[in-house]
Ligand SMILES: NC(=O)c1ccc[n+]([C@@H]2O[C@H](COP(=O)([O-])OP(=O)(O)OC[C@H]3O[C@@H](n4cnc5c(N)ncnc54)[C@H](OP(=O)(O)O)[C@@H]3O)[C@@H](O)[C@H]2O)c1
């Protein structure tokens, strides 16, 4: 079988990603072998490749956390699963339910543990969820990081309800996943982007208002005005230190900010955190989600017949082009590698 591998270089970054031949792996006790049908890329995969991810182990690793496929072999003691079951795996091998624990970082797919950019992978049966029947493998591969992070932030921690207002920054995987989930729950979603063409696509997916943050650098003021100077109830904060200040200007008193991303870097925030207390705001750090959250989200996606927004699909042999496409920032929603 064939798989990709990231090797550390003397200079630090984990480039390039290489394709290699390897024996088909055998599942041990409690494990299953999955024939991978599709993978999706996340911004994290660019961070892992460049050696900047917090959950990257820094060693040789099979890249990508997000894959969907069918069970091909069962290890000893596995129950509840059969050969041929369509499955998708959570990024954290050991986060089944409850609060996050730091030990979970030690087995994060495509970072500290081998990932899924391979024709066959061995996974813990405990990290699998069933792929909802209405989704293709490509769509299922979009769920473990982008959609689950959106769900965790908006629903599990944010308690989103119909009529709430949501601000999603940019039009990448997490933000478009947030738009789809929040709109399906009856929320009013404001989406920002550097591209008018992408904003048009966001409106077609149900965005209430859109703001071009490139032509309107004071997007926080625009959001404030769009909400009759009340602010939004939830923010999907994927920017980090460079955008948090404006997000704090745009949040409603008592609102909820999900601190999710690092698109502007890992440094300390440029702005004072005082508005958080002045406005009694909840700030939650969010990192993907547990298997229990994943199952709740999948039930919701099935009920509402939500299909993740796929921008482009690349063949397995063209996986490096998929990395380049994600890195170019020209995508809207998710970028997929299809193994057929
Ligand atoms: N904590 C977690 O569990 C978790 C999970 C997933 C992702 N993340 C993080 O969340 C961020 C987004 O991840 P992703 O996979 O969704 O990324 P992605 O698909 O690569 O999307 C990136 C998009 O963000 C927008 N963007 C870039 N810089 C921006 C800025 N300064 N202000 C507003 N928007 C900006 C751009 O949208 P336009 O082209 O429309 O301008 C860009 O296309 C990353 O930092 C990632 O590491 C965290």
Completion exercise
Taking a ≥ b ≥ c as the square roots of the eigenvalues of the Cα gyration tensor, with a/c under 1.5 meaning rounded and otherwise prolate when a/b exceeds b/c and oblate if not, the stretch 168-231 is oblate
Exercise for the section: Report the antiparallel proportion of the DSSP beta bridges in the chain as a percent, rounded to a multiple of 5. Expected result: 55 percent
Practice task
For the stretch 107-162, report the translational diffusion coefficient in µm²/s to the nearest whole number, using Stokes-Einstein at 20 °C, 1.002 mPa s, and a Kirkwood Rh over Cα pairs.
Solution key: 161 µm²/s
Exercise for the section: Could you give me the percent of Cα pairs per 10 Å distance bin for the stretch 220-315, shortest bin first, beginning at zero and ending with the bin that holds the maximum distance? Expected result: 14, 35, 31, 19, 2, 0
Exercise for the section: Starting from the Cα of residue 1, move 7 Å in the Cα-to-Cβ direction to define the label point; list residues of the stretch 300-319 whose amide nitrogen is under 19 Å from there. Expected result: 315-319
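Rg/Rh for the stretch 293-332 to two decimals, with Rh computed the Kirkwood way over all alpha-carbon pairs.
1.16
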Practice task
May I ask you to compute the full-extension gain from residue 302 to residue 228, defined as 0.36 nm times their residue separation minus their alpha-carbon distance, rounded to one decimal in nm?
Solution key: 23.2 nm
Practice task
Starting from the Kirkwood radius over alpha-carbon pairs of the chain, derive D by Stokes-Einstein at 20 °C in a medium of 1.002 mPa s and give it in µm² s⁻¹.
Solution key: 106 µm²/s
Problem - Angle in degrees between helix 319-328 and the longest Cα principal axis of the chain, rounded to the nearest 10 - result: 10 degrees
Exercise for the section: With a/c under 1.5 counting as rounded, go ahead and sort the stretch 147-285 into rounded, prolate or oblate using the C-alpha gyration tensor (a ≥ b ≥ c being the square roots of the eigenvalues; past the cut-off, prolate if a/b is larger than b/c, else oblate). Expected result: rounded
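Averaging sequence separations of C-alpha pairs under 8 Å and six or more residues apart, then dividing by the length of the stretch 147-285, give the relative contact order as a whole percent.
Result for the stretch 147-285 is 20 percent.
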Exercise for the section: Evaluate the relative contact order of the chain (contact order divided by residue number), counting alpha-carbon pairs under 8 angstrom at least 6 apart; express in whole percent. Expected result: 18 percent
Problem - Residue exposure sequence - 189, 211 - by fewest surrounding Cβ within 10 Å - result: 211, 189
Handout entry: Relative exposure of 41, 301, 199, 205, judged by other C-beta atoms within 10 Å (fewest first)
Key = 205, 199, 301, 41
Practice task
Sort 102, 248, 1, 293 so that the residue with the fewest other Cβ atoms within 10 Å of its own Cβ comes first and the one with the most comes last.
Solution key: 102, 1, 293, 248
Problem - Length-normalised contact order for the stretch 243-336 - Cα pairs under 8 Å, 6+ apart - percent - result: 24 percent
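A short reminder: the numbers here are calculations on the coordinates, not readings from a lab. Everything quoted here is computed from the prediction, not taken from an experiment. Because the Cβ atoms are built from the backbone with ideal geometry, glycine has one as well, and the counts that use them run over all protein chains shown.
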